[in-house]
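Here is the structure we will look at.
The values are calculated or read from the model by the stated rules, or taken from the named source; none is laboratory data. In this text the structure is predicted, and so the values were computed from the model without any measurement. Heads up, the Cβs are rebuilt from the backbone with ideal geometry, glycines too, and the neighbour counts pull from every protein chain shown. The accessibility values were calculated without ligands, DNA or RNA, using every heavy atom of the protein model including side chains. Shrake-Rupley method; radii C 1.70, N 1.55, O 1.52, S 1.80 Å.
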Amino acid sequence: MKDLERLNHATAHLDPPLAVVDLAALRENAADLVRRAAGKPIRVASKSVRCREILRTVLEMDGFEGVMAFTLPEALWLAESGFSDILVAYPTADRAALRRLAADPMAADVITLTADSVEQLDFIEKAVAEIADAAPIRISVDVDASWRPLRGRVRVGALRSPLHSVEAVSAVAREAADRTGLRLVGLMAYEAQIAGVGDRPPGRPARGLAVRAMQGLSAAELAERRAEIVAAVKEIAQLEFVNGGGTGSVDRTAAEDSITEIAAGSGLFKPRLFDGYRAVAGRPAAMFALPVTRRPGRGVVTVLGGGYLASGAPGWDRLPQPYLPAKLHYDAQEGAGEVQTPLLGAGADDLAVGDRVWFRHAKAGELCERFAELHTIEGDKVTATVPTYRGEGRTFL
């Protein structure tokens, strides 16, 4: 059965808009991530999933251990729900959540916070100063993984941590290790210019060559610097983990001896942006359907909603992809609309009012900020309906 027919058959009893996760595709994508990780555990990036039941499903698979959360309130909620080994991958300035963490020894034992400055360590200590018998707070130091060629005159990578050198990382690591209310347990570094930039952009072969050259040089520099950083910090404290990578760089990062675990999440759903990565195999697992509500003329239909833009630098690649049926595209003057979206192309004339058009979101977890539930599909049947974070009344950002 073709995918369009299968998806329509499975959800025929449901009215769109709706979102689905194809479990067979999810398992295939997960297996490919595990293969690429070559024996190193994968920490699941919750921002790319945003559904507790799907998180549980993935963590039950071999090769996956722990969660990489995006906010401390989310991590506390996950800990209350039975999840363990939770790394909050972004610094927090939430004083109330910090007090909750320090007052809950069970949560403090399974949640690790990220810091990249002494200022952040000061903030954490001040926030929990009035908590009696405060539990020690676990800390992971975030390392700047950007590439800085030409003696630092050029920067390639995300504007994240300011800690680039061995000396800078060691200074913050020593501060964390020396404070009685903190425990230094890990290091992390996200190489955005490698893991988050497609090396096979559709229709742009020259850019692909340039990206691959940049990534090769950047990866070589980072591997050497990261090994030196890890060795230096191990002189300060015993580390439980050194985290690195992302869906786009799983195999490359896993090859580094200093890395103990890989972070990944988007590859589970295979959103449209990851079509531009040579290393990312698999097939789309998460999709959403919108109903046709108008037929303005030949070669055009209008669907309800659709303006589900992804974060990042604005561009057409941030729009959802009209996926099934084929041969549909946006109107250049309207794009994806707030309440309705016109779609043009030969595929439009085969659609009637009430039919559905299937889309792929540009990114992974952001889809779940638009839908309260996900319908899981096996073959041509819906097997369950599970709430997203939004469906459980949790919006952490």
Any idea which of P291, P387 is at pLDDT 95 or above and in contact with a Lys or Arg (Cβ under 6 Å, 6 or more places away or on another chain)?
P291
Scan segment 220-231 and give yes if some residue there is free of Cβ contacts under 8 Å to residues at least 40 places away in the same chain, within 20 Å of L187 (Cβ to Cβ) and under 23 Å from the mean Cα position of the chain (by Cα), otherwise no.
yes
Just a yes or no: is a residue in segment 294-308 within 30 Å of A37 (Cα to Cα) and open to solvent by less than 50 Å² (accessible area, probe 1.4 Å)?
no
Here are some conditions: (1) under 25 Å from R204 (Cβ atoms); (2) in a helix (DSSP H, G or I); (3) open to solvent by 30 Å² or more (accessible area, probe 1.4 Å). R283 meets all but one. Which one does it not meet?
(2)
Counted residues, segment 138-160 - those being among the hydroxyl-bearing types (S, T, Y) and under 21 Å from L72 (Cβ atoms):
1
Show the residue pairs that are 6+ apart or on different chains and have beta-carbon atoms under 6 Å apart, the first residue being within segment 94-111 and open to solvent by less than 30 Å² (accessible area, probe 1.4 Å), the second being in a helix (DSSP H, G or I) and of a type outside the set (A, V, I, L, M, F, W, C).
A97/P73
Selection from segment 132-160 of residues in contact with a strand residue (DSSP E or B) (Cβ under 7 Å, 6 or more places away or on another chain) and assigned to a loop (DSSP other than H, G, I, E, B) yields P136, V143, A145, S146, G157, R160
Of the criteria (1) on the phi > 0 side of the Ramachandran plot; (2) modelled with pLDDT under 95, which one R278 fails
(1)
Residue selected from segment 161-177 under the condition in a helix (DSSP H, G or I) and of a type outside the set (A, V, I, L, M), by the criterion nearest to the chain's Cα centre (by Cα)
S170
Looking for something open to solvent by 20 Å² or more (accessible area, probe 1.4 Å) and farther than 30 Å from L55 by Cβ - is there at least one such residue anywhere in segment 358-376?
no
Spans of strands (runs of 3 or more DSSP E) in segment 335-397 with at least 1 residues small (G, A, S):
381-387
Would you mind stating whether A326 is buried (at least 19 other Cβ atoms within 10 Å of the Cβ), more than 21 Å from the chain's Cα centre (by Cα), on the phi < 0 side of the Ramachandran plot and assigned to a loop (DSSP other than H, G, I, E, B)?
no
Identify the single condition in (1) within 15 Å of A263 (Cα to Cα); (2) open to solvent by less than 20 Å² (accessible area, probe 1.4 Å) that Y90 does not satisfy, given that it satisfies every other one.
(2)
What is the number of the single condition among (1) crowded, with 21+ Cβ neighbours inside 10 Å; (2) out of contact with any Asp or Glu (no Cβ under 7 Å at 6 or more places or on another chain); (3) not small (G, A, S) that R43 does not meet?
(2)
So how many residues does segment 58-87 have that are farther than 23 Å from A285 by Cα, open to solvent by 30 Å² or more (accessible area, probe 1.4 Å) and charged (D, E, K, R)?
2
Yes/no for A195 being open to solvent by less than 10 Å² (accessible area, probe 1.4 Å), among the hydrophobic types (A, V, I, L, M, F, W, C) and touching a helix residue (DSSP H, G or I) at 6+ places or on another chain (Cβ under 8 Å):
yes
Evaluation of V242 against (1) assigned to a helix (DSSP H, G or I); (2) free of Cβ contacts under 8 Å to residues at least 60 places away in the same chain; (3) open to solvent by less than 10 Å² (accessible area, probe 1.4 Å) (one fails), failing number:
(1)
